[in-house]
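Readers should treat all values here as calculations from the given coordinates under stated rules, not as data from a laboratory. Note that this is a predicted model, so its numbers are computed, not measured. Glycine also receives a Cβ, built like all others from the backbone with ideal geometry; neighbour counts cover every protein chain displayed.
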Amino acid sequence: MSHRPVCGQCGVEMQMEKSGVYVLDMADFGPYLLWLADLFRCPKCKAGVVAGFADRPCFRHEDGQTFTETIDAARNRGELFASRLYIEETVKEAP
Ligand SMILES: [Zn+2]
């Protein structure tokens, strides 16, 4: 288990806001890797960060329909973050 993130502005430990959010990595051809992680937020300034990643991606492009369906479901729940935006209207940047 790793240390909780510390806010660089406030110097306090961030609190977990949601366990089990997804981060999508993109490749030149499109969506590539999907990672599970946690969303933390600073209790003072409310800055957010996604951290606590699993050791390996939970799904890959090669997983086909499961990969796509997991991305869509996470996006619909507001739990999808992308390291590079690919659909600006539907994927929000990491806070
Ligand atoms: Zn802060």
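Before moving on, here are some points about what is shown:
- Hits in segment 10-60 - residues which are under 18 Å from residue 73 (Cβ atoms) and within 16 Å of the ligand (Cβ to nearest atom): 39, 50
- Filtered by the rule that a residue be in contact (Cβ under 8 Å) with a residue 24 or more places away in the chain and touching a Leu at 6+ places or on another chain (Cβ under 6 Å), segment 49-69 gives 50, 57, 58, 59, 60.
- Some residue of segment 32-44 being small (Gly, Ala, Ser) and closer than 24 Å to residue 5 by Cβ: yes
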